[in-house]
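The values are calculated or read from the model by the stated rules, or taken from the named source; none is laboratory data. In this text the structure is predicted, and so the values were computed from the model without any measurement. Glycine also receives a Cβ, built like all others from the backbone with ideal geometry; neighbour counts cover every protein chain displayed. For the accessible areas, the whole protein counts, side chains as well, though only heavy atoms, and no ligand, DNA or RNA atoms are used. Shrake-Rupley method; radii C 1.70, N 1.55, O 1.52, S 1.80 Å.
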Amino acid sequence: MTSTTPTNPSPATHLLHRPRRLRRTAALRRMVREIHLDVNDLIYPLFVMEGEGQRVEIASMSGCYRYTLDLLLKEIKQAFDLGINAVALFPVIPEAKKDDVGTESYNPDGLVQQTVKAIKQVVPEIVVITDVALDPFTTHGHDGLVDEKGTILNDPTVEVLVKMALSQAAAGADFVAPSDMMDGRVGAIRKALDAEGYFDVGILAYSAKYASAYYGPFRDALDSAPRFGDKKTYQMDAANAREAVKEVALDIAEGADIVMVKPALAYLDIICQIRNTTNVPVAAYNVSGEYAMIKAAAQMGWIDEKQVILELLTSMKRAGADLILTYFAKEVALMLA
């Protein structure tokens, strides 16, 4: 039996502020909700490979696939029909096309370039974001060129990244997304894009990209794990926060239109700091390791998968992310429909 009049008044009866009043019903909770996750917040990362008629599940990312172009186009059309406005492309490059300097990355007829052109023919309205980094294209699996001592070379790498970004822009990419963490690459890419007349091609910069253990499944997907060493001389130290603010400020000064924090879940504080120190859109990458942990726990029956996904992405938006790259994009779009 429900009553609005207490039968046994107590000292608490005279409380002036009762926050629970606004939690009493589902309608009230919806009315005063501070953060609203929306399908327009989502960017859908997708893996493309050569061939035809194939969709290969990634073992460490249940429910995620490498697609050949014909099936990728169908997946993108479905995503756009669900209200997802943007996709981020990541290529699976055959070993035979890799070399030490990532030459295939700027091949005008390469996998990424062909994919962008095809998407723009089939779903011209969707925003296409292309990754600018050398690790999928190099035999050594690093994001930059390497000398005989194993040192990652910054400035020579930037020269290749510029060629890569220009080739992607020529193919029709809406945004190029340098994820390599080389110094000065945003400014060099912006200057080159403008010089070639690609004024409207944006830069989504992986500004605060950490050397994280959460990337394992992604590297499985692309077969792009480094063949030696690690990426700690160019990706950020997980313990650093002030450095992230510095990196973001540099990228904005060099022409970044959107800045990103990667990963998201263990770096919500960084997302918050970046949101509070800049007025450009902030993206967060809900990375492969975060995705894989939720999928594994759900398969074991330990969590309510849908509720955890929504709570996770809402936390990223609450921290300050305007955009979220997530492999859950299609699932979330269906939940929010």
I'm trying to understand the selection: among the residues of the stretch 132-184, which are assigned to a helix (DSSP H, G or I), surrounded by 24 or more Cβ atoms within 10 Å (Cβ to Cβ) and either touching a residue at least 60 places away in the same chain (Cβ under 8 Å) or among the polar types (S, T, N, Q) (or both)? Thr157, Met164, Gln168
Which residue, of Ala283, Ala321, Ala297, is in a helix (DSSP H, G or I), open to solvent by less than 50 Å² (accessible area, probe 1.4 Å) and either touching a Gly at 6+ places or on another chain (Cβ under 7 Å) or among the aliphatic types (A, V, I, L, M) (or both)? Ala297
It is to be established whether one or more residues within the stretch 329-337 are surrounded by fewer than 17 Cβ atoms within 10 Å (Cβ to Cβ), at pLDDT 95 or above and among the basic types (Lys, Arg). no
Lone unmet requirement of (1) open to solvent by 60 Å² or more (accessible area, probe 1.4 Å); (2) within 23 Å of Thr314 (Cβ to Cβ) for Leu15: (2)
Quick check on my filter: what residues within the stretch 153-198 are in contact with a strand residue (DSSP E or B) (Cβ under 6 Å, 6 or more places away or on another chain) and of a type in the set (Gly, Ala, Ser)? Ala165, Ala173, Ala177, Ser179
How about the stretch 185-277: which helices (runs of 4 or more DSSP H) wholly inside it have at least 2 residues that are in contact (Cβ under 8 Å) with a residue 24 or more places away in the chain and among the acidic types (Asp, Glu)? 242-254
Give the residue that is nearest to the chain's Cα centre (by Cα), with candidates limited to residues of the stretch 78-96 that are farther than 27 Å from Leu334 by Cβ and surrounded by fewer than 16 Cβ atoms within 10 Å (Cβ to Cβ). Pro94
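Just to be sure, is Ala333 part of a helix (DSSP H, G or I) and of a type outside the set (S, T, N, Q)?
Details: part of a helix (DSSP H, G or I): yes; of a type outside the set (S, T, N, Q): yes.
In short, yes.
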Out of the residues in the stretch 45-77 that are charged (D, E, K, R) and more than 20 Å from the chain's Cα centre (by Cα), state the one that is farthest from Pro94 (Cα to Cα). Lys74
